[in-house]
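S.K.: So that we are looking at the same thing, I have put the structure below in structure tokens.
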Amino acid sequence: MKKEQQHTKKTIFFIVTSILMTIYLLWRVFFTLPFQEGILQVIFGILLIVAETITVFTTFELYYRKIKSDNYQLDLPDIQDEDYPDIDVFIATHNESCDLLYKTANACTYMDYPNTNKVHIYFCDDGNRNEVHELAKSLNIGYLGLANNKQAKSGNLNNALEHTHSPLVATFDADMIPQHTFLMKTVPYFLLPKYIKEDDVWRKRTNEELEDTKSMKIGLIQTPQSFYNPDLFQFNLFAENTIPNEQDFFSKEVNIMRNSSNAIAYTGSNTIISRQALMDIGGFPLKTITEDFETSVRIQKEGYITYATNEVQAAGLSTTTISSMFKQRTRWARGVIQSIQNTKAIFTPKLPLAARLTYLSAYLYWWSFFNRIIFILAPIMFALFDFQVVNTDFKSLLIFWLPAYFFYSISMRYLSSNIRNQRWSQVIDTILAPYLIFPVLLETLHIHQRTFKVTNKKKETSRNKNLYYAIPHILLLILSVLAIIRYVKGKYGWALIYSSIILFWLFYNLVAILYALFFMLGRPSPRKSERIKASVSAKVSYNNYAFNATTYDLSDQGISLLTDTEYYISDDYDVKIQLKDRNYSATLTGAIVNVRKQNNQWIYGLKVKPVSSKDKSQYSQIIYDRNHSLPVEMDLWSTAYDDFIRNIQYRIKKAQIERRKSIRMNIHKKICFENGTTGYIEDFNFKYISVSHLKLYDEDLEYYKWITDSNINLLLKPERQLSDRILFKITNLDTIIQNNLIDQLLVDLKQRS
């Protein structure tokens with residue numbers, strides 16, 4: 001009942017918002033154009049109305065899709081094992097490293113299936129590289145090489161289609177690592193025409209019932225695009241703990257809404273496609289730079305059902321450089337417009353009206369960046385240059401604009417389900433806007449980009465220096481500040497009240513511009529491989545000494561272990577780490593890198609490597625066969641002020657690198673050496689003890705002996721004089737460890753005299 005009430009509440013808000021925004025736009029069109037101000041003002045006034053109308057239309061389309069999608073869902077059938085068909089798994093690769101390819105292909109070999117002999121995995125390598133062929137052999141999977149490929153990813157996949165035969169095809173990008181459940185959460189959808197659910201039990205349809213489902217053809221199942229590393233918006237803005245990945249809004253919200261119009265987008269990876277559907281459209285399309293998007297449109301035109309699920313089943317690498325991100329977004333923008341033109345998706349009678357409206361909205365979305373620039377410039381031009389683009393008064397704004405904007409803001413919250421809010425949408429659009437306006441315009445005019453460029457996923461460990469990308473935002477910042485100064489100058493009292501709406505938009509846009517500048521400043525990354533938070537049981541051992549821990553985070557090259565108490569990990573020896581997680585286990589060797597204390601617990605950082613090829617395979621699964629630890633919803637308690645202050649604080653604060661390789665404990669314990677010398681232990685780090693207030697200290701004595709409360713003999717050698725104490729080295733530490741006395745030594749040291 002509660003879900004129905006929420007649905008009703010959302011619907012009411014969407015309807016009220018639509019009515020108010022329609023009234024507002026009609027008022028804007030018929031009563032606010034500045035005809036008395038001259039032709040330039042009228043032209044810009046019309047552009048502003050067009051920008052507002054496009055924004056409102058695309059939002060209305062999403063409102064309607066949201067209402068419809070709440071009641072539209074395909075059930076995943078429970079099918080019999082023998083009905084699972086053969087499936088070809090294509091891992092498309094161009095120039096990616098074998099290390100990256102290994103993780104994806106290795107995960108594919110672990111995917112569950114009733115009969116794994118029906119799962120045929122292939123590297124589709126359009127570089128025709130020997131090293132990739134050898135990797136395929138080592139993993140016991142297929143290899144389909146293609147030399148001198150001039151047809152980009154489509155040509156690569158079409159070549160794979162020619163050399164395979166299974167009725168279903170799964171496609172993965174080189175970096176997209178599937179979970180072991182991927183096939184079981186997707187393949188059964190294709191059997192929906194043959195199964196029916198009665199009383200919560202699935203059964204096969206009878207021959208008569210099959211006649212009724214002949215027209216039901218499942219063409220494509222798309223799972224969300226997900227990423228295990230922070231995207232640039234999260235990372236550069238220090239928001240990896242407060243906002244989800246920027247693409248989550250499309251993958252988990254917009255694409256799901258489009259199920260109701262059967263206009264979901266194939267995003268190139270994490271997908272299963274009917275081979276028959278691909279044959280019906282002549283294979284993957286060639287005359288486009290977004291072959292994935294166009295594939296889904298063409299499949300829909302052939303009468304197939306395409307469906308997007310909201311459960312993450314694979315994750316990959318988000319682009320890590322500003323330049324590669326802009327190239328990626330430019331390709332998406334131009335490619336979507338290309339494909340809509342190629343398929344005539346907005347006008348074709350082969351698609352229902354609902355789908356055509358969805359594709360019209362998809363086309364107009366790429367004009368939202370032009371709209372954003374118009375929205376930023378409009379108040380600046382009025383406040384700074386007296387360039388009037390709206391002819392109205394304060395009272396009319398309160399009547400027509402304020403209620404519409406209020407309900408619009410609330411409806412946007414309902415639309416995005418805590419994945420995205422209006423503020424972050426403005427920030428993202430402001431960052432991208434200067435670099436997408438001209439590509440969108442050129443593509444609309446049929447001036448096409450034909451070359452396909454693979455997105456660079458290589459991680460940079462230094463700060464991104466491409467500050468020239470910030471030049472447009474710096475200019476907008478200067479104009480905004482000057483506009484605010486000029487507009488408030490000489491105003492006070494009611495004059496400021498009447499000016500409040502212009503000032504609101506100036507400050508509102510200024511915040512987004514400042515975020516854009518923060519984004520362009522970048523942020524240095526200290527690691528070459530991503531750390532994924534995960535709690536996995538671990539046993540650490542060396543020299544007959546062992547203790548249990550849990551992992552704090554994991555990566556290809558390093559691991560952090562979490563313990564409630566202090567343990568000694570020698571930096572003189574490699575330690576053995578045995579991990580056990582679900583169905584996976586791996587043995588690693590590691591060397592201590594650092595140790596730190598956090599919330600009364602100890603975190604040990606180690607550089608690790610698997611002992612054998614089997615351990616490497618299992619360890620890769622331990623890391624990646626899980627949902628990532630990045631946020632899936634926004635932190636609703638984090639305000640714009642919090643985000644802004646956090647950015648400033650982290651940029652001022654110098655990164656502190658923890659360099660200690662051993663625990664250092666502060667202790668104030670009386671000590672009495674065997675020769676009668678006394679003092680107080682001040683601190684201890686397993687290898688060394690510092691002692692203060694020494695009495696009867698003999699500088700000529702080479703070794704001092706101390707017997708603890710548990711009769712553990714420590715042989716201490718004076719190393720050097722500190723300001724107020726002597727530093728002693730524990731010379732028989734290895735013997736203590738071999739006799740399993742190190743933990744008891746800690747107990748003795750922490751016990752007060």
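S.K.: Scanning region 550-588 for residues that are over 28 Å from N739 (Cβ atoms) and in a loop (DSSP other than H, G, I, E, B), which turns out least open to solvent (accessible area, probe 1.4 Å)?
M.R.: Per the criteria, the residue is S555.
S.K.: Tell me, which strands (runs of 3 or more DSSP E) lie completely within region 106-176 with 2 or more residues that are in contact (Cβ under 8 Å) with a residue 24 or more places away in the chain?
M.R.: 119-125, 168-173
S.K.: With region 269-368 as the region, which helices (runs of 4 or more DSSP H) entirely inside it contain at least 1 residues that are open to solvent by less than 10 Å² (accessible area, probe 1.4 Å) and under 22 Å from L445 (Cα atoms)?
M.R.: 291-301, 322-343, 353-365
S.K.: Specify the residue that is surrounded by the fewest Cβ atoms within 10 Å (Cβ to Cβ); the eligible residues are those in region 696-724 that are basic (K, R) and modelled with pLDDT of 90 or more.
M.R.: Restricting to residues being basic (K, R) and modelled with pLDDT of 90 or more, the top hit is K705.
S.K.: Now for a different question. Applying the selection to region 224-239, what residues are in a loop (DSSP other than H, G, I, E, B) and aliphatic (A, V, I, L, M)?
M.R.: Passing the criteria: L237, A239.
S.K.: So if I check each of Y64, Y72, which one is in a loop (DSSP other than H, G, I, E, B), open to solvent by 60 Å² or more (accessible area, probe 1.4 Å) and out of contact with any strand residue (DSSP E or B) (no Cβ under 8 Å at 6 or more places or on another chain)?
M.R.: None of the others qualify; the one that does is Y72.
S.K.: Still on this structure, I have one more. Out of all the residues in region 240-268, which are assigned to a helix (DSSP H, G or I), open to solvent by 20 Å² or more (accessible area, probe 1.4 Å) and touching a Phe, Trp or Tyr at 6+ places or on another chain (Cβ under 8 Å)?
M.R.: Residue satisfying the conditions is S260 alone.
S.K.: Then there is this: Out of all the residues in region 695-710, is one or more under 21 Å from K661 (Cβ atoms) and either part of a strand (DSSP E or B) or touching a residue at least 12 places away in the same chain (Cβ under 8 Å) (or both)?
M.R.: Among the residues of region 695-710, not one is under 21 Å from K661 (Cβ atoms) and either part of a strand (DSSP E or B) or touching a residue at least 12 places away in the same chain (Cβ under 8 Å) (or both), which makes the answer no.
S.K.: Kindly establish whether N148 is in contact with a strand residue (DSSP E or B) (Cβ under 8 Å, 6 or more places away or on another chain) and of a type outside the set (F, W, Y).
M.R.: The answer is no for N148.
S.K.: Out of everything in region 725-738 that is open to solvent by 70 Å² or more (accessible area, probe 1.4 Å) and in contact (Cβ under 8 Å) with a residue 24 or more places away in the chain, what residue ends up being farthest from G676 (Cα to Cα)?
M.R.: Going through the qualifying residues, I end up with Q738.
S.K.: Which of the residues that make up region 607-642 are open to solvent by 30 Å² or more (accessible area, probe 1.4 Å) and over 26 Å from N418 (Cβ atoms)?
M.R.: Result: K607, K609, P610, V611, S612, S613, K614, K616.
S.K.: Next question, about the same structure. Any residue in region 628-655 that's more than 18 Å from F227 (Cβ to Cβ) and among the hydrophobic types (A, V, I, L, M, F, W, C): show its pairings with residues that are outside any helix (DSSP H, G or I) and open to solvent by 40 Å² or more (accessible area, probe 1.4 Å) at Cβ separation under 8 Å, as long as the two are six or more apart or on different chains.
M.R.: L636/N418; A655/P524; A655/P526
S.K.: Return the residue satisfying two criteria in turn: it lies in region 105-134 and is farther than 16 Å from I177 by Cα and touching a helix residue (DSSP H, G or I) at 6+ places or on another chain (Cβ under 6 Å), and of such residues it is least open to solvent (accessible area, probe 1.4 Å).
M.R.: Only one residue tops the list, namely D125.
S.K.: Among what's in region 209-231 and is of a type outside the set (S, T, Y) and open to solvent by less than 10 Å² (accessible area, probe 1.4 Å), pick the residue that is farthest from G522 (Cα to Cα).
M.R.: The extreme case among them is G219.
S.K.: Turning to a different aspect of this structure: So D88 clears everything in (1) closer than 30 Å to V201 by Cβ; (2) open to solvent by less than 20 Å² (accessible area, probe 1.4 Å); (3) charged (D, E, K, R) except one condition, right? Which one?
M.R.: Only one criterion is unmet by D88, namely (1).
S.K.: Can you pull out the residues in region 510-545 that are open to solvent by 50 Å² or more (accessible area, probe 1.4 Å), in contact with a strand residue (DSSP E or B) (Cβ under 8 Å, 6 or more places away or on another chain) and farther than 16 Å from S629 by Cα?
M.R.: R527, S537, K539
S.K.: So T181 ticks every box in (1) surrounded by 16 or more Cβ atoms within 10 Å (Cβ to Cβ); (2) within 28 Å of the chain's Cα centre (by Cα); (3) not in a strand (DSSP E or B) but one. Which box is left unticked?
M.R.: Result: T181 passes all but (1).
S.K.: Can you name the number of the only condition in (1) surrounded by fewer than 21 Cβ atoms within 10 Å (Cβ to Cβ); (2) under 25 Å from the mean Cα position of the chain (by Cα) that M176 fails?
M.R.: (1)
S.K.: In region 427-440, what residues are in contact (Cβ under 8 Å) with a residue 12 or more places away in the chain and over 19 Å from the mean Cα position of the chain (by Cα)?
M.R.: Within region 427-440, T430, A433, P434, Y435, L436, I437, P439, V440 qualify.
The values are calculated or read from the model by the stated rules, or taken from the named source; none is laboratory data. Here the structure is a predicted model, which is why all the values come from computation and not from measurement. With ideal geometry, Cβ positions are generated from the backbone for all residues, glycine too; neighbour counts draw on all protein chains shown. Just so you know, the surface numbers come from the protein's heavy atoms only, side chains and all, with ligands and any DNA or RNA stripped out. Shrake-Rupley method; radii C 1.70, N 1.55, O 1.52, S 1.80 Å.
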